Amino acid sequence: MRTLIALLGFVSALFLHPLLTALCIFFLAFRYASWEAILLGCMTDLIWQPSSISFPYFTLAAILIVWVLGPLRSQFLR
């Protein structure tokens, strides 16, 4: 399941809407301790940002989501 969500996130970062990638980041971070979520954020920022000077929204959001959902994941999904 983890591989399927990550693959969907990478495909959506390349070809589909970036909000689908954001959902994949959330689901990966909620269920697994995932480094893929941060890579998805970086990839989405690099592909969908209009210039190289813009703010990396998806990368910072992915780091925040992984950091915030870590204790919740360990508490509820034992």
### Query
Within region 27-62, can you find the residues that are under 18 Å from Arg2 (Cα atoms) and either surrounded by fewer than 16 Cβ atoms within 10 Å (Cβ to Cβ) or β-branched (Val, Ile, Thr) (or both)?
Arg31, Ala33, Trp35, Ile38
### Task
Identify the single condition in (1) touching a helix residue (DSSP H, G or I) at 6+ places or on another chain (Cβ under 7 Å); (2) under 28 Å from Gln75 (Cβ atoms) that Ile47 does not satisfy, given that it satisfies every other one.
(2)
### Task
Kindly establish whether Arg2 is in contact with a Phe, Trp or Tyr (Cβ under 7 Å, 6 or more places away or on another chain) and not β-branched (Val, Ile, Thr).
yes
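Every number in this text was worked out from the coordinates using simple rules, so none of it is lab data. Nothing here was measured: the structure is a model prediction, and the numbers come from that model. Heads up, the Cβs are rebuilt from the backbone with ideal geometry, glycines too, and the neighbour counts pull from every protein chain shown.
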